[in-house]
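A.B. asks: I'd like to ask some things about the structure below.
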Amino acid sequence: MKISFEELVTNHLWGYGPVLAIGNPRAKGKILLGAARDYLTDESWQQTAKDLMRQGSMIIAIAAATPGLAWEIETLVELGFMPKFALLLPPLESRELEARWQFLLGSAVGSRLPTQIDLSRARAVVFPDGHPIPIVGTKRNEWTYEAVLDEAALVIAHQPCRVPAGRRTNRSASG
């Protein structure tokens, strides 16, 4: 039985640690495999998303043509968390993938995304130092996306550790 793209992604990411997501409250009660989900109201999801962004060592999203994803990417930029973000480009028909990409380019986050990208080969975009770099592949199979996730994790892991403002402490070399 073939698993969904989200299941593939989250199953692989569980090897790195807990995989958390905010679920659509209208989907609550449906059996969805993959990330552990909190179902929140429209009024509270954005604050929870910010909290998760602060806590997470990696932030992974699947490209979608939704205002929620555009807000999440804008917030990542605002909080300075783009270096720990990877945007996956799912295995879709080229027209659907292009429509999703154009939606994101047309949103406020469009300036953070590469305008010239080979969507037939790009599998993800990572943002070391806040600059977009595509991760490419020739196939759109499970192995390719697992390798892409590993590559994204390596890029993210090699970013300098940034301590959020207000969390800095003065420590001496002895202690």
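A.B. asks: Being small (G, A, S), farther than 13 Å from G130 by Cβ and under 12 Å from the mean Cα position of the chain (by Cα) narrows it down to one of G56, G68, so name that one.
C.D. replies: Step by step, each of G56, G68 is checked, and only G56 is small (G, A, S), farther than 13 Å from G130 by Cβ and under 12 Å from the mean Cα position of the chain (by Cα).
A.B. asks: Here's another thing I want to ask about it. For residues that are part of a loop (DSSP other than H, G, I, E, B) and basic (K, R), scanning just region 120-159, find the one that is surrounded by the fewest Cβ atoms within 10 Å (Cβ to Cβ). Can you show your working first?
C.D. replies: Let us first name the residues in region 120-159 that are part of a loop (DSSP other than H, G, I, E, B), namely 120-121, 127, 131-132, 137-141, 158-159.
Remaining after also requiring basic (K, R): 121, 139-140.
Working: R121: 14, K139: 12, R140: 15.
Ranking the qualifying residues of region 120-159, first place goes to K139.
A.B. asks: While we're here: Looking at L76, L149, L97, L104 in this structure, which one is within 20 Å of T10 (Cα to Cα) and either among the hydrophobic types (A, V, I, L, M, F, W, C) or at pLDDT 95 or above (or both)?
C.D. replies: L149
A.B. asks: Could you tell me which numbered condition Q116 fails, if it satisfies all but one of (1) of a type outside the set (G, A, S); (2) more than 16 Å from the chain's Cα centre (by Cα); (3) at pLDDT 90 or above?
C.D. replies: The number of the failed condition is (3).
A.B. asks: Assess whether P90 counts as being under 15 Å from the mean Cα position of the chain (by Cα) and in a loop (DSSP other than H, G, I, E, B).
C.D. replies: The answer is yes for P90.
The values are calculated or read from the model by the stated rules, or taken from the named source; none is laboratory data. As the structure is a computational prediction, the values presented were derived from the model and not from experiment. Note that we place each Cβ from the backbone using ideal geometry, even for glycine, and neighbour counts take in every protein chain shown.
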